[in-house]
Amino acid sequence: MNVLRKILVDKDVSCKSVWFMRQAGRYLPEFREIRLKNRDFIKLCLNSELSAEITLQPIKRFDLDAAIIFSDILLVPHILGQNVDFKTEGGPKLKNFRFEKLKDNKPKDFLNKMKPVYDAIKITREKLDNTKSLIGFVGAPWTLLIYMLNLSKDKSPRIESLLSSETMDDVLDILHEYLCLHIKNQINAGAEIIQIFDSWAGLLSESDLVKFCYEPNLKLVEYCKKMRTPVICFPKGIKEKYSDFNKFVKPDALNLDYDLDPRWCKDNLKNVTLQGGLHPKTLLETESIMLEAAAKYVKIFQDIPYIFNLGHGLLPETDPVRLDKLIKFYRQHS
Ligand code: CP3
């Protein structure tokens, strides 16, 4: 069994492990080279050979314990009929939401269109060393909704004003159904761990957290457990509510965001593996500032099951040499 699973499943404190969100991305010159020749980001995600190659790029360069499949959470709404455009400034833009269109989808068509992703997972798993994990992922329903309803610029979206509560329930159910299908097929293709990204959970008011964040995450976590696959949740931005989330959802692991105090996390998040937390911006600081910040996480979490990672994805400005130093520091000091 590989180290990530030992930490996630057996809660083996003696195992040390490191990988990074967005480890396959624009900070790598070899990624930018492929990207220049492949201007359509969605098409690139659906090119199995290139997706596998990009997934393995950081593994070839660095001493990492896991690969995360090169894809995107927005591929699900794209394939469900809301075309995604990544070309525009100010983040991805989705075609207008139409409930009738969403409802018309068929699982068989979804799987046919998503097949290149599952093929990419198969190719990657074959090429990846057995000691390393392959991570699949999905976006949580709330975070997908934010993009589907074009609300990512909205600081406190008023959910009631957008869809009737009946339609909202149906949309959440439909998303859940397709996310399970996507999880299942990633696992069957060779993904051994699933991470659920709820990047916009922090936009929810306290009273909406249960319905739009905890419950949808719980249903997906239960599905992963049924599939005997460890699951990592990332409800970014919900501050001290991470504790309620943990008790309600009970994932195998929680990815910490950079806003959380690691000491608070250690004291308040129990019976769960912790992952990440370090601010991606610290990699842009001087080397000593970066290593000091990293040392804090290593020290605090040394005696609990912990996977070294960040509090959000690697920034495009990150110097790959710097990342290598961080990984070597972690290997020496953990
Ligand atoms: O290395 C990896 O982490 C695997 C691949 C991966 C990507 N996106 C590739 C990507 C993963 C796991 C994601 C998840 C994702 N995508 C999230 C959740 C995590 C988070 O960042 O909060 C979200 C919200 C998205 C949606 C998305 N995709 C946005 C907002 C953007 C544009 C802004 C940005 O950060 O780049 C993307 C594009 C994207 N997804 C890129 C990559 C490598 C950059 C595309 C490019 O080359 O221009």
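Please treat every number below as a calculation from the coordinates, not as lab data. Every value quoted in this text rests on a predicted model; they were computed, and no experiment measured them. Because the Cβ atoms are built from the backbone with ideal geometry, glycine has one as well, and the counts that use them run over all protein chains shown.
Given R₀ = 22 Å, what would the calculated FRET efficiency be for residue 210 paired with residue 267, taking r from the Cβ atoms and rounding to 0.05?
0.40
If you average the alpha carbon positions of segment 298-313 and of segment 14-38, how far apart do those two centres end up, in angstrom?
Each part's Cα centre sits 20 Å from the other's.
Between the DSSP loop rule and a limit of at most 15 other Cβ atoms within 10 Å, which trypsin sites (Lys or Arg not before Pro) in segment 1-110 are left?
11, 26, 39, 87, 95, 98
Can you say what percent of the DSSP beta bridges in the chain, counting only those with both residues inside, are antiparallel? Round to 5.
Around 10 percent antiparallel, to the nearest 5.
Using only alpha carbon pairs under 8 Å that are at least six residues apart, calculate the relative contact order of segment 248-331 and give it in whole percent.
For segment 248-331, the relative contact order is 35 percent.
Cβ under 10 Å from residue 225's Cβ, residue 225 left aside: what net charge do those residues give with Lys, Arg +1 and Asp, Glu -1?
Values: positive: 226, 228, 250; negative: 222, 252.
Net charge in that neighbourhood comes out at +1.
Give the residue list of trypsin sites (Lys or Arg not before Pro) in segment 135-238 that are DSSP loop and have at most 10 other beta-carbon atoms within 10 angstrom.
Sites meeting the loop and neighbour criteria: 153, 155, 158, 228.
Strictly over 18 Å apart at the Cα level, which of 60/184; 103/219; 296/325; 219/266; 43/113; 250/281 would you flag in this model? Kindly include the intermediate steps, with their values, before the conclusion.
Working: 60/184 28 Å; 103/219 20 Å; 296/325 16 Å; 219/266 25 Å; 43/113 11 Å; 250/281 29 Å.
Going by Cα-Cα distance, 60/184; 103/219; 219/266; 250/281 fall outside the 18 Å limit.
Just need the relative contact order of the chain here, percent rounded to a whole number, with Cα pairs under 8 Å and 6+ apart.
21 percent
Would you please give the FRET efficiency between residue 295 and residue 247, computed as 1/(1 + (r/R0)^6) with r the Cβ-Cβ distance and R0 = 35 Å, to the nearest 0.05? Working shown, then result.
Working: r = 30 Å, r/R0 = 0.86.
The value I calculate is 0.70.
With the crude spin-label approximation of a point 7 Å out along Cα→Cβ, what separation in nm comes out for residue 284 versus residue 303?
3.7 nm
In segment 3-272, with Lys and Arg counted as +1 and Asp and Glu as -1 at Cβ, which of these residues, 235, 272, 120, has the Cα nearest the positive end of the dipole, that is, farthest along it?
The Cα lying farthest towards the positive end belongs to 120.
Once you charge only the Cβ atoms, +1 for Lys and Arg and -1 for Asp and Glu, what is the size of the charge dipole of the chain about its Cα centre, to the nearest 20 debye?
Dipole size: approximately 580 debye.
Counting only helical runs of four or more DSSP H residues, what would the 222 nm mean residue ellipticity of the chain come to if each run contributes -39,500 (n - 2.57) and the total is spread over all its residues?
Here the helix-only value at 222 nm equals -14000 deg cm²/dmol.
Would you mind computing, in nm to one decimal, how far apart the modelled labels at residue 10 and residue 86 are, each placed 7 Å from Cα along Cα→Cβ?
Rounded to a tenth, the inter-label distance reads 3.7 nm.
Of all GluC sites (Glu not before Pro) in segment 6-103, which ones are in loop regions per DSSP and have a Cβ with at most 12 other Cβ atoms within 10 Å?
89
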